[in-house]
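Only one structure is covered here, and it is reproduced in the block below.
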Amino acid sequence: MNFTKTIMTTASAALISSAAFAGSHMSMEMTIVSWGGAYSASQLKAYHEPYSAKTGVTILNDDSSSTAVAQLRAMNEANNITWDVVDVEAAPAMQLCDEGLALEIDPDTMLAPAPDGTPASEDFGDMLVSECFIPQIVYSTTFGYRTDLVGDNPPDSVCAVFDTKTYPGKRSLFSVPINQMEWALLCDGVAKSDIYDVLATEEGQDRALAKLDTIKGDVIWVSSGSDTPQLLADGEVIMGATYNGRLFSLIEEQKQPVAMIWDGQVMDLDGWIIPAGLSPERQARALDYIMFATDTQRLADQAKYISYGPARASSAPLVGKHADLGIDMAPHMPTAPENLSRAFLMNYDFWADYRDDLDAKFQAWLAK
Amino acid sequence: MSEPKNSFLSPFVFTLICMAMMGGLIGLVAGVANGSGPLGLISGALFMFLISFLAIFLRQKELIVRYSICFFLIIFGFLFIGIIGVFLGLILGWFSGWFLYWLNLGRYRAKLQPYLSAGQVLWHYTFRVICGVIFVFLITPILVVMPLSFNAQDFFTFTPEMLRFDPDGYSLKHYKDFFTNNEWQRSFKNSLLIAPVATIVSVSLGTLAAIGLSQSHVPFKRAITAILISPMIVPLIISATGMFFFYSHVGNFLEDRIGLDKNFVGYVKVILAHSVLGIPFVIITVTATLVGFDSSLTRAAANMGADPVKTFFKIQMPLILPGVISGGLFAFITSFDEVVVVMFVGSTNQKTLPWQMFTGLREQISPTILAVATILVAISIALLVTLELLRRRSERLRGLSPG
């Protein structure tokens, strides 16, 4: 009998305390969605912590950016939007903007001007690819290789990926057409400036897939930015594609025997959107956060923690040293002049038009 | 056993064959790992054959023989593999010494009935080996996680330092990360809040439902049971999608019309959703215990003037308690493990441990997940052991078992 009583008492105590615990949270908080890992950590240090110190707002992290489009659609349909600010790449931002799921931003009134008074629209310049998109960083997708597995002949060109004779072993690629098809055409002899014209044709697409066919048996297909670093650390692949910040962390922070190929790096933008349909109070807070977090100094601060280039022209001269390692960050940016010279700019308009078709074609090819 | 069979297959030959087979098997595994299976097979078999041959001639001095096999294999392992070889050599040496005598002196028959045929003895041990293999198959994935959680690097990899048992290869930093990282702590607290409350709700409602359904006068009993149990049968992702839209409306109503706090409503939504998932387990286990419940006891209680509530708590509840507890345990684990529904129904404030592990695994492969897994395994074992001890204690107190 005593046992029963104990259970009952515990139960009611737990119920009461849970109600008290849950009720004690105040609404001075906002949910920010991002990519997790070292990237979220850099935002925490550079944006969230100073903002919380300044305003007293508690910031909650939700690492759901990879499913942001689908989740925002569902939230919108259920009329239950729980996110305040969302970190997405440029292409999904355009998509969300077209569907009316993201708030339109006027850069000159809603974003901070540069310290010298240059309006935000000029400071961000070409990076403002959509009315809803607030650019934050420039990152690139590129290759890392195991220095101890390539012998005396370290690869210097992205086409080493397709050269299984000189560099035998597995390589990891993303299981999506974006980037992989461009690299295939580039290494099949198409000039950088012609790639998207070729890729727009049926023959060009088949040509890219035929080039990928030559290494299909040697490829480990990955779906997340964290897979390739793990595979490289294990020595399961000799080279693999991932984001340049992940490779920086693998090489400089984790001290793994890995080096980077800057050749053929595909540059992309990442930034914020604010979901449409927030209550006026929450929207005002989200805009206040964005104004703070994308000013010149804050964007330069983020580069202390991760090797992604700030999206503002005025931030570039302020990029300093890594917060823990004390190494100069400027040469590790995808936007550094010597890295930029061999870069490859992704064509958003092309992928906006062809993405669905090529996705289907690519997945069918993968399954063959 | 002085059957004529023994002259055909003397213990001597039998032992040699078995030992050679064992050596061949180990050699095959080692050989495949190093690139040449057949070579490993043959050399392993020959090696064990020779050792056994020598040992059988000296078999009167059991201790000396077994120690020297151990010693020999340790040296051998150290020379060829290193520190790990010492451990492997020790284990292998001890095992082969024991196996040799076990076979040669017929110790395998010592604890069995003397009338069993050779085939029956063989099956007796084969059965145990099969059970052992299944056990290893079930438990290895969990055990592999534990040493990796002490990795000094940020990857799911056994580093060379770890394999050399170099202290530099090990660290507690992933445990430190779990206990100091805000996100992990918040999700841990959420799990500790949501799972017990959801368990209490599902145990109360599920027990009530099971008792109601066990009454003889309830109409459409089967249909009601089927509906109540459906959350267990419907694929989770479908329940989750439905719950997402349903609880969004419920939540909007509670927030906008009644004016409850947003966070509080968030917890209520997740707890209710998890309770729905837990209720079928409670209904099933409690219904099963109710089958053995003698309903004349409740009539006797009523006869003596107890009201139904008192009868339930004093008579029925103590008797069906084992079923209630195991149902509650299932409900707890369902909620504690659940990741799909909470990702749909909850918002970031209600992020639970499995959710955090899931995103951590997808976005960044960090051994903190392994540290958390190790802690959770330890907690689960502690929880089960405690419950089992409590159950035995209460059984002993009630005189249900001889203890």
Just one of B:THR157, B:THR126, B:THR207 is farther than 22 Å from A:ASP63 by Cβ, within 10 Å of chain A (Cβ to nearest Cβ) and hydroxyl-bearing (Ser, Thr, Tyr); which is it?
B:THR157
Give the stretch B:334-365 a look and list any residue that's of a type in the set (Phe, Trp, Tyr) and facing chain A (nearest Cβ under 9 Å), or say none.
B:PHE344
When the stretch B:307-333 is examined, which residues are found to be within 14 Å of another protein chain (Cβ to nearest Cβ) and not in a helix (DSSP H, G or I)?
none
Could you identify the single residue in A:THR201, A:THR147, A:THR142, A:THR166 that is polar (S, T, N, Q), within 19 Å of A:ALA343 (Cβ to Cβ) and away from chain B (no Cβ under 14 Å)?
A:THR142
Subset of the stretch A:50-65 that is within 12 Å of chain B (Cβ to nearest Cβ) and surrounded by 19 or more Cβ atoms within 10 Å (Cβ to Cβ) - its residue that is farthest from B:ARG186 (Cα to Cα)
A:SER65
Residue check for A:ASP152: touching a residue at least 12 places away in the same chain (Cβ under 8 Å) and out of contact with any helix residue (DSSP H, G or I) (no Cβ under 8 Å at 6 or more places or on another chain)
no
Right, B:ARG391: under 24 Å from the mean Cα position of the chain (by Cα), of a type in the set (Lys, Arg), within 11 Å of chain A (Cβ to nearest Cβ) and surrounded by 15 or more Cβ atoms within 10 Å (Cβ to Cβ) or not?
yes
Under 26 Å from the mean Cα position of the chain (by Cα), closer than 23 Å to A:LEU44 by Cβ, modelled with pLDDT of 90 or more and surrounded by fewer than 16 Cβ atoms within 10 Å (Cβ to Cβ): is that true of B:PHE137 in this structure?
no
Does A:GLY204 satisfy the criteria of being in a helix (DSSP H, G or I) and in the same structural domain as A:ASP356 (by TED's automatic domain parsing)?
yes
Among the helices (runs of 4 or more DSSP H) lying completely within the stretch A:241-358, list those that include at least 3 residues that are in contact with a helix residue (DSSP H, G or I) (Cβ under 9 Å, 6 or more places away or on another chain).
A:244-248, A:280-293, A:296-302
Output for the stretch A:34-66, where each listed residue is under 27 Å from B:THR368 (Cα atoms), hydroxyl-bearing (Ser, Thr, Tyr), part of a helix (DSSP H, G or I) and modelled with pLDDT of 85 or more:
A:TYR39, A:SER40, A:SER42, A:TYR47, A:SER52, A:SER65
Candidates B:GLY119, B:GLY106, B:GLY82, filtered to the one that is among the small types (Gly, Ala, Ser) and within 24 Å of B:GLY31 (Cβ to Cβ)
B:GLY82
Restrict the check to the stretch B:251-271 and report whether at least one residue is among the hydroxyl-bearing types (Ser, Thr, Tyr), over 18 Å from B:SER335 (Cα atoms), in a helix (DSSP H, G or I) and within 14 Å of chain A (Cβ to nearest Cβ).
no
Given (1) in contact (Cβ under 8 Å) with a residue 12 or more places away in the chain; (2) closer than 23 Å to A:GLU122 by Cα, where does A:ASP349 come up short, assuming only one miss?
(1)
When the stretch B:168-191 is examined, which residues are found to be at pLDDT 90 or above, surrounded by fewer than 16 Cβ atoms within 10 Å (Cβ to Cβ) and assigned to a helix (DSSP H, G or I)?
B:LYS176, B:PHE179, B:THR180, B:GLN185, B:LYS189
Read through the list (1) in contact (Cβ under 8 Å) with a residue 40 or more places away in the chain; (2) surrounded by fewer than 16 Cβ atoms within 10 Å (Cβ to Cβ), then give the number of the only condition that A:LEU299 fails.
(2)
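The values are calculated or read from the model by the stated rules, or taken from the named source; none is laboratory data. Nothing here was measured: the structure is a model prediction, and the numbers come from that model. Because the Cβ atoms are built from the backbone with ideal geometry, glycine has one as well, and the counts that use them run over all protein chains shown.
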